[in-house]
Ligand SMILES: Cc1ncc(COP(=O)(O)O)c(C=O)c1O
């Protein structure tokens with residue numbers, strides 16, 4: 001790898017316009033970004049905006065804290081890949097001690113598996129002949145993949161396809177605990193487990209109990225109560241199944257908001273949090289054990305923008321709007337460092353910044369960095385994550401499962 005100075009000395013006809021901080025022609029910066037050959041060469045200032053930035057120090061803190069905490073409580077962790085959709089991140093989590101990665105959908109799981117990620121749990125059911133055929137193919141590539149079912153017809157279809165392909169599918173029963181998918185805990189789930197005993201190409205091992213309605217309950221005590229009540233039904237269901245002589249070795253669930261609650265509940269063997277990697281405005285608002293701001297994990301993910309217009313002294317327009325941030329929450333992005341700068345959506349491509357008296361107003365060409373309202377759908381808007389160590393760009397990770405929602 002040649003140094004910046006060396007590059008300049010050897011480049012014959014460098015164009016007059018050079019990258020902002022470094023000394024590379026912009027055409028070369030483009031190639032570096034395309035190749036991912038950025039370490040030691042580019043800084044944040046060199047990046048085209050809007051860009052998705054990851055603060056690696058904060059990210060690594062989050063990984064180590066969550067994995068260390070959950071494992072320290074004697075539970076496994078299989079972080080949810082729906083948050084990052086990035087095989088590089090899934091692999092780093094496994095290196096850090098995770099047993100695998102969850103994937104929200106089959107196509108997300110396929111991308112992870114193609115990139116060498118193993119220990120995948122597909123957290124939603126795979127329904128219909130085409131997808132079941134793909135699930136069987138995925139199981140051939142990554143035999144330890146686990147698939148969720150919540151209904152006997154679907155389980156029977158999965159069994160038949162698996163039998164025809166001479167593979168065994170690992171199965172989790174998904175419980176209806178959050179008003180979304182799943183089978184009712186208790187007797188209905190036990191009956192499904194019993195019925196699956198007759199399906200010889202399925203290997204039932206796990207109960208999934210994801211209580212998404214618990215994860216954002218405001219205030220630690222209220223969240224603690226809520227999650228304990230919901231998860232108790234899952235623990236009981238697992239016990240009922242085991243009492244029937246059917247071995248159910250794993251109970252997986254939990255989230256960033258309940259990691260320090262669910263790890264206190266006997267019978268939960270595995271956690272599947274996702275947002276802790278990045279955090280967002282939504283999670284910061286739920287309140288932690290020590291106050292109204294939930295700061296157990298650091299805000300590592302931001303969107304980096306440029307002021308492109310200054311229509312009045314009080315108003316600056318940045319180049320990130322509805323296409324740069326998720327818009328599913330009733331609150332806007334938050335400036336990373338300046339409390340006195342307020343963002344409001346200004347259409348597809350733009351955001352409007354206004355300034356409190358205490359804040360330094362920004363001008364055309366200035367940069368502004370924002371914590372995102374909700375991390376999962378925001379990441380899904382980007383092809384790349386620019387990973388920074390301080391101001392230096394250290395790596396570019398592809399959001400390879402972006403758009404994989406099939
Ligand atoms: C099934 C499932 N498990 C785990 C998670 C992770 O939750 P969080 O990102 O709140 O940690 C999600 C997130 O939506 C999920 O859908």
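Structure summary
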{"read-out": "Burial ordering of 46, 313, fewest other beta-carbon atoms within 10 Å first", "value": "313, 46"}
{"read-out": "Extension reserve of the residue 115-residue 152 stretch, reckoned as 0.36 nm per residue once the Cα distance is removed", "value": "10.1 nm"}
{"read-out": "Computed helical MRE - 222 nm, the chain, DSSP H runs ≥ 4 contributing -39500 (n - 2.57), nearest 500", "value": "-9500 deg cm²/dmol"}
{"read-out": "Backbone N under 18 Å from the residue 293 label point (7 Å along Cα→Cβ), restricted to the range 329-345", "value": "332-343"}
{"read-out": "Efficiency of FRET from Cβ geometry, residue 244 and residue 43, R₀ 51 Å, rounded to 0.05", "value": "0.25"}
{"read-out": "190, 393 arranged by Cβ crowding within 10 Å, fewest neighbours leading", "value": "190, 393"}
{"read-out": "Ranking of 187, 108 by count of other Cβ atoms within 10 Å, fewest first", "value": "187, 108"}
{"read-out": "Principal-axis tilt of helix 187-196 within the chain, Cα atoms, nearest 10 degrees", "value": "80 degrees"}
{"read-out": "Counting DSSP beta bridges with both ends in the chain, the antiparallel % (nearest 5)", "value": "55 percent"}
{"read-out": "Crossing angle, helix 56-72 versus the chain [Cα axis fit, 0-90 degrees, rounded to tens]", "value": "20 degrees"}
{"read-out": "Using alpha-carbon coordinates, inclination of helix 152-164 to the longest axis of the chain, degrees", "value": "90 degrees"}
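Every number here is computed from the coordinates shown, using simple stated rules; none is lab data. Keep in mind it's a predicted model, so treat the numbers as computed, not measured. Quick reminder, even Gly has a Cβ in these numbers, built from the backbone with ideal geometry, and neighbours come from all protein chains shown.
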